[in-house]
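Everything on this sheet refers to the single structure shown next.
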Amino acid sequence: MKHYIPRILCILLVMVMVSSIGVGFTYSKYVVDDRADDTARITKFGVTTGVRAGAFSETYTSPDGTVTTVDSLDTDKVLAPGTSGTFSGINVQGTPEVTVRITTTADMELTGWTTTGSDYYCPIIVTVNGTEYYGMDYASMDAFEADIEAAITTVNAEYDAGTNLANIPGLNGNYSWRWPFKGTDGKQTTENDTLLGDRAAAGNAGTFSLTVTAKVEQID
């Protein structure tokens with residue numbers, strides 16, 4: 001028995017050495033790998049459109065602002081010889097990261113600007129982006145309205161992504177109106193101005209309204 005023990009120990013030692021050699025090696029193999037990562041954010045729109053009213057008032061003051069010269073008897077906004085006002089115009093800002101279409105529209109409406117003989121008479125001057133349009137240079141209310149609407153409705157186009165909308169020609173502007181206190185060209189007369197006021201007192205007041213819209217929309 002004593003003779004077998006050394007042999008058994010030798011055999012065990014050899015087996016341990018063989019196992020150690022086997023563990024120390026890495027078997028080769030085919031390996032292929034791939035990976036793709038995508039991350040995106042929402043495109044920036046950030047467009048603001050501002051079109052505000054405020055061109056007409058219930059009261060008007062003297063040029064130096066010290067005396068109220070026109071005062072409506074009710075809550076109606078009014079206009080009279082010597083008064084004026086400014087529309088806020090269109091104010092579009094932003095640099096969207098998408099292609100957009102911008103559309104501006106204007107609707108001007110005059111009613112009751114006639115004398116007793118139903119002849120057209122409108123001594124109002126409307127200024128659009130520095131250009132004056134004088135109502136007495138037209139033969140009818142429709143013609144006067146059409147020119148003002150065309151002057152304001154100048155933008156109807158598509159713009160590429162990344163366009164600074166504030167820099168688009170003709171988009172942002174101001175409009176104003178005035179009724180001269182006294183005419184100097186012979187077209188505006190005290191008599192006809194008075195006729196308009198008398199018609200208003202009789203319940204047939206002429207009106208002047210202007211509606212302006214600005215629309216910015218993404219397109220495919």
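Only a single criterion out of (1) at pLDDT 95 or above; (2) assigned to a strand (DSSP E or B) is not satisfied by Phe144, namely (2).
Search the stretch 199-219 for residues being among the aliphatic types (A, V, I, L, M) and either in contact with a His (Cβ under 6 Å, 6 or more places away or on another chain) or assigned to a loop (DSSP other than H, G, I, E, B) (or both), and hand back the single one that is farthest from Asp142 (Cα to Cα). Give the steps one after another, and end with the answer.
Step one: list which residues in the stretch 199-219 are among the aliphatic types (A, V, I, L, M), which gives 200-202, 205, 210, 212, 214, 216, 219.
If we keep only those that are either in contact with a His (Cβ under 6 Å, 6 or more places away or on another chain) or assigned to a loop (DSSP other than H, G, I, E, B) (or both) as well, we get 202, 205, 219.
Working: Ala202: 24, Ala205: 18, Ile219: 34 Å.
If we take residues in the stretch 199-219 being among the aliphatic types (A, V, I, L, M) and either in contact with a His (Cβ under 6 Å, 6 or more places away or on another chain) or assigned to a loop (DSSP other than H, G, I, E, B) (or both), then Ile219 is farthest from Asp142 (Cα to Cα).
When the test is whether a residue is under 16 Å from Thr207 (Cβ atoms), in a loop (DSSP other than H, G, I, E, B) and not polar (S, T, N, Q), Ala80 passes it. Taking the criterion of being in contact with a Ser or Thr (Cβ under 7 Å, 6 or more places away or on another chain), in a loop (DSSP other than H, G, I, E, B) and exposed (fewer than 12 other Cβ atoms within 10 Å of the Cβ), the residues of the stretch 157-193 that qualify are Asp160, Gly162, Asn164. Taking first residues from the stretch 24-44 that are within 29 Å of Gln218 (Cβ to Cβ) and partners that are surrounded by 10 or more Cβ atoms within 10 Å (Cβ to Cβ) and at pLDDT 85 or above, the Cβ contacts under 7 Å between residues at least 6 apart in sequence or on separate chains come to Thr43/Glu97; Thr43/Val98; Lys44/Pro96; Lys44/Glu97.
So which of Leu196, Leu110 is over 17 Å from the mean Cα position of the chain (by Cα), of a type in the set (A, V, I, L, M), part of a helix (DSSP H, G or I) and buried (at least 19 other Cβ atoms within 10 Å of the Cβ)?
Leu196
The values are calculated or read from the model by the stated rules, or taken from the named source; none is laboratory data. Owing to the predicted nature of the structure, the values given are computational and were not obtained by experimental measurement. Positions of Cβ are generated from backbone atoms using ideal geometry, with glycine treated the same way; all protein chains shown enter the neighbour counts.
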